[in-house]
Amino acid sequence: MLANKIITKDLNLYYGENHALKTVNMNIKEKAVTAFIGPSGCGKSTFLKTLNRMNDLIPGVRIEGTVTLDGEDIYGQGVDTTLLRKKIGMVFQQPNPFPMSIYDNVAYGPRIHGIKHKAQLDEIVEKSLRSAAIFDEVKDRMKKSALGLSGGQQQRLCIARALAVEPEVLLMDEPTSALDPISTLKIEDLMAELKSEYTVVIVTHNMQQAARISDYTAFFLVGEMVEFNTTDEIFARPKDKRTEDYITGRFG
């Protein structure tokens, strides 16, 4: 039985007057892939960003309830958000490599966290690129700009960059929506490998993707988490009529 890595209790989020997330209760299991599905604007990306406090950066956001990582409240007094985001990394929808070399992109995080020794950085960079299944494609171009990579390679580089600081959790906000089918498949294969070491949480608008890669699925609708279960149960035997309607394409 997998342990709970992140637990949210009675989580509500407001953008000013807009009640964007409504009393979300969820146990996210460690070393598994959890997918959030639902129509656009239903709150799934907003919820994802509450898990590493990315919403703190948006003015006028108010959050109620608790989010715990390994039993510690990430919204508690004195939590260092820099350290929190080291533990809970994030990969965005659009690949966003820094305008620097491939090597420096991956070494960036470890350097910020105090690793300066070249041999150690070399080892971290190679390990991270291997973990993101891109090392063989870039090993002869380490000093070249990351902006010269294809979109799919850039996204895998961003995953390597997130892995370089040794997170425990990897959040992915529609990581393949800007990519072609071959790159998408590479990243899906990669997620299946990553869950042996990391807890992976992905927002996807692609239900087939959720069905293929995730162990657990949550269905969101208008800020409410309608249903959360193993992916097999959600897709084969949804308990809520709204989940069934969405999955069978009756709306959304």
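Observations on the model:
- Of the residues 113, 19, the single one that is of a type outside the set (Gly, Ala, Ser), in contact with a helix residue (DSSP H, G or I) (Cβ under 8 Å, 6 or more places away or on another chain) and surrounded by fewer than 17 Cβ atoms within 10 Å (Cβ to Cβ) is 113.
- Single residue of segment 193-212 satisfying the filter (closer than 22 Å to residue 52 by Cα and among the aliphatic types (A, V, I, L, M)) that is surrounded by the fewest Cβ atoms within 10 Å (Cβ to Cβ): 194
- Enumeration of residues in segment 52-72 that are of a type outside the set (Val, Ile, Thr) and under 19 Å from the mean Cα position of the chain (by Cα): 52, 53, 54, 55, 56, 57, 69, 70
- For segment 160-185, the tally of residues that are surrounded by 18 or more Cβ atoms within 10 Å (Cβ to Cβ) and either more than 17 Å from residue 34 (Cα to Cα) or polar (S, T, N, Q) (or both) stands at 10.
- Test result for residue 45, under 19 Å from residue 203 (Cα atoms), outside any loop (DSSP other than H, G, I, E, B) and either touching a residue at least 60 places away in the same chain (Cβ under 8 Å) or hydrophobic (A, V, I, L, M, F, W, C) (or both): yes
- Cβ pairs under 7 Å, 6+ apart, first in segment 191-209 and within 22 Å of residue 219 (Cβ to Cβ), second in a helix (DSSP H, G or I) and of a type in the set (Lys, Arg): 203/44
- Evaluation of residue 130 against the conditions (1) surrounded by 17 or more Cβ atoms within 10 Å (Cβ to Cβ); (2) within 22 Å of the chain's Cα centre (by Cα) shows that the sole unmet condition is (1).
- Residue pairs whose Cβ atoms lie under 7 Å apart, sitting 6 or more positions apart in sequence or on different chains, and linking a residue in segment 166-190 that is farther than 25 Å from residue 47 by Cβ to a partner that is surrounded by fewer than 20 Cβ atoms within 10 Å (Cβ to Cβ) and modelled with pLDDT of 90 or more, are 183/151; 186/133.
- Residue that is farthest from the chain's Cα centre (by Cα), among those in segment 73-101 that are β-branched (Val, Ile, Thr) and not in a helix (DSSP H, G or I): 79
- The single condition among (1) modelled with pLDDT under 95; (2) more than 30 Å from residue 125 (Cβ to Cβ); (3) touching a helix residue (DSSP H, G or I) at 6+ places or on another chain (Cβ under 6 Å) that residue 95 does not meet is (2).
- Filtered residues of segment 11-40 (kept if part of a loop (DSSP other than H, G, I, E, B) and touching a residue at least 24 places away in the same chain (Cβ under 8 Å)): 16, 30, 31, 32, 38, 39, 40
- Test: residue 24 is of a type in the set (Val, Ile, Thr) and out of contact with any Leu (no Cβ under 6 Å at 6 or more places or on another chain): no
- All of 90, 100 fail the test of being aliphatic (A, V, I, L, M), surrounded by 13 or more Cβ atoms within 10 Å (Cβ to Cβ), closer than 30 Å to residue 180 by Cβ and in contact with an Asp or Glu (Cβ under 8 Å, 6 or more places away or on another chain), apart from 90.
The values are calculated or read from the model by the stated rules, or taken from the named source; none is laboratory data. Note that the coordinates shown come from a computational prediction; the quantities given were computed from them, not determined experimentally. Because the Cβ atoms are built from the backbone with ideal geometry, glycine has one as well, and the counts that use them run over all protein chains shown.
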